Amino acid sequence: KDDDLKGREPLSAIVARNHAVAGINGDFFPWTGDPLGALVREGELVSRPMAGRSVFAWGPSFSAVSRLKWSATASFMGQEGLKVDGLNEQCGKDMIVLNTPSAGYALSEDKSFHAVFQFEGTLTPNGTWKGKVITTVSDQTRVPIGPSQAVLTATGKAIEKLQYLAKGEELTVKVETTGLDWSKAVNVVGGGPVIVEQGKPIQSWDAENFNDEFALKRHPRTAVGYTKSGDLWFVVVEGRQEMSVGATIDELASIMTSLGCVGALNLDGGGSSEMALSSLIVNRPSDGSERPVADSILVYSDRTQDADPPELVIQGRPKVEVGGATDYTVVDDHGNTLPGSAVIWAASGDAWIDQGGRLRGLRAGQAVVTAQVNGRSVVLKVTVEAQPGSSGGR
């Protein structure tokens, strides 16, 4: 949608809308909503690679960390190989941008020239597409993209390269993306820097245009990695709050190698760092609430839900002191205490809970504890009391 979010969405909503069982946030992004790096979704190229930045790719029995090179050209009216500067992104100064139906709108910073053309099929990392211009639009900063359409948008000095395109003209677009075996790589998400390569932590942030402030200070972090046997690890490190200050890039790399990863990539962090199981956010976003993100990695399952699931209750004290701790369990309607491995815990407000069900009071106030079992959630409100003789204020 062409609104303030520009297609960004909270992770919990993304997971729920797509009926996924889990998810983490993906690539870095500007407020225009376009991921900064590459995005390939089920074989469709949605966002171009960012020069020098790494990506994580996967497919059936395949995963890899790599860097990609991308180029695109448009040919029409005897002009061969006119350079296309961007894909599904806001058209900046003196640029030519290709916009496909995935973008929703062709957007530009300034008034532009837009050539709307027929577009059949799906844009893939490599290939050639032919179309015919349906209409042209001038002096507009936004043009909606209909089904089976695409738009070439030009601004500034680049307008003169497209201005003679008219209705009925034939147009050819060629795209080339190198750096991966596209017979194996079905999905790609951008990020950076690479933090583990051939089983060893590496320092690559300078080469990927990240600075020391980003790499050497502790922040909330998100990472994805793969092991020698092909298992995938999705990791979120909380930060910028009382119970966790976050991690440096080196510390994140050490976490990933300790999990057996032979390759790993840092993803967007800070207030974007999130992990969801079903639609429950299990970490505490450092902004205090979910930040709408541009893309994410989702996990699916073919496991079916119970037709008649039992009623669940959280058992434990309804109060905890600041600095103190108390334990919770989940009991079903037959009085059976569920094993800890079956329960996912989360807490919001003035307390923090670990995955063993132990709640710790952070500040005097209120907390909401959520337990999730097989996608079903049960909630308990808890009062966090000041310690005797303490003001207990925030």
**Report entry** Loop trypsin sites (Lys or Arg not before Pro), the range 64-143, which have at most 16 other Cβ atoms in a 10 Å radius of their Cβ (DSSP)
**Finding:** LYS93
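Apply the a/c threshold of 1.5 to the C-alpha gyration tensor of the range 1-49 and tell me whether it is rounded, prolate or oblate. Each step should come with its number before you reach the end.
Numbers: a/c = 1.79, a/b = 1.16, b/c = 1.54.
The shape class here is oblate.
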Report task. Return the calculated 222 nm mean residue ellipticity for the chain, to the nearest 500 deg cm²/dmol, obtained by summing -39500 (n - 2.57) across DSSP H runs with n ≥ 4 and dividing by the residue count. Result -> -1500 deg cm²/dmol
Report task. Report ³J(HN,Hα) in whole Hz for each residue of the range 88-96, in order, from the Karplus equation J = 6.51 cos²θ - 1.76 cosθ + 1.60 where θ = phi - 60°; Gly and Pro get x. Result -> 6, 9, 5, 6, x, 5, 6, 10, 10
Report task. Report, by chain and number, residues whose modeled amide H sits under 5 Å from the one on MET95, excluding near sequence neighbours (fewer than 5 apart, same chain). Result -> THR155, ALA158
Query raised in the report: Projected area of the range 108-169, taken from the Cα convex hull and averaged over every viewing direction, in nm²?
Result: 4.5 nm²
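In whole percent, how big is the carbon plus sulfur part of the accessible area of the range 85-172, probe 1.4 Å, protein atoms only?
Working: 1840 of 4110 Å².
Of all accessible area on the range 85-172, carbon and sulfur atoms account for 45 percent.
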Query - Whichever aspartates and glutamates have a C-alpha closer than 12 Å to that of LYS174, once near sequence neighbours (fewer than 8 apart) are set aside - result: GLU80
Requested in this report: For helix 249-258, report the angle its Cα long axis makes with the longest principal axis of the Cα atoms of the chain; keep it between 0 and 90° and round to the nearest 10°.
Outcome: 70 degrees
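Label the range 288-384 by shape, choosing from rounded, prolate and oblate, from the square roots a ≥ b ≥ c of the eigenvalues of the Cα gyration tensor; if a/c is under 1.5 it is rounded, and otherwise prolate applies when a/b is larger than b/c, oblate when it is not. Could you put the intermediate results ahead of the total?
Details: a/c = 2.43, a/b = 1.19, b/c = 2.05.
Oblate, since a/c reaches 1.5 and b/c is not below a/b.
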**Report entry** Rounded accessible area of TYR226 (nearest 10 Å², 1.4 Å probe)
**Finding:** 40 Å²
Report task. Find the centroid of the Cα atoms in the range 299-373 and in the range 35-92, then give the distance between the two in whole Å. Result -> 43 Å
Report task. Given a cut-off of 26 Å, name the pairs among LYS1/LYS69; LYS1/LYS83; LYS6/LYS111; LYS83/LYS167 whose C-alpha atoms lie farther apart than that in the structure shown. Result -> LYS1/LYS69; LYS1/LYS83
Query - Accessible area per residue in Å² at 1.4 Å probe, computed on the chain - result: 48 Å²
**Report entry** SER75 - accessible surface, heavy atoms, 1.4 Å probe, Å² rounded to 10
**Finding:** 20 Å²
Requested in this report: Could you please state how large a percent of the accessible area of the range 223-310 is carbon and sulfur, counting protein chains only and using a 1.4 Å probe?
Outcome: 50 percent
**Report entry** Candidate lysines - alpha carbon under 24 Å from LYS228, same-chain residues fewer than 8 apart omitted
**Finding:** LYS184, LYS200
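The values are calculated or read from the model by the stated rules, or taken from the named source; none is laboratory data. Just so we're clear, the structure is a prediction, and the values are computed from it rather than from any experiment. A quick note on method: Cβ atoms are made from the backbone with ideal geometry, for glycine too, and the neighbour counts reach across all protein chains shown. Side chains are part of the model used for accessible areas, which takes the heavy atoms of the whole protein and leaves out ligands, DNA and RNA. Shrake-Rupley method; radii C 1.70, N 1.55, O 1.52, S 1.80 Å.
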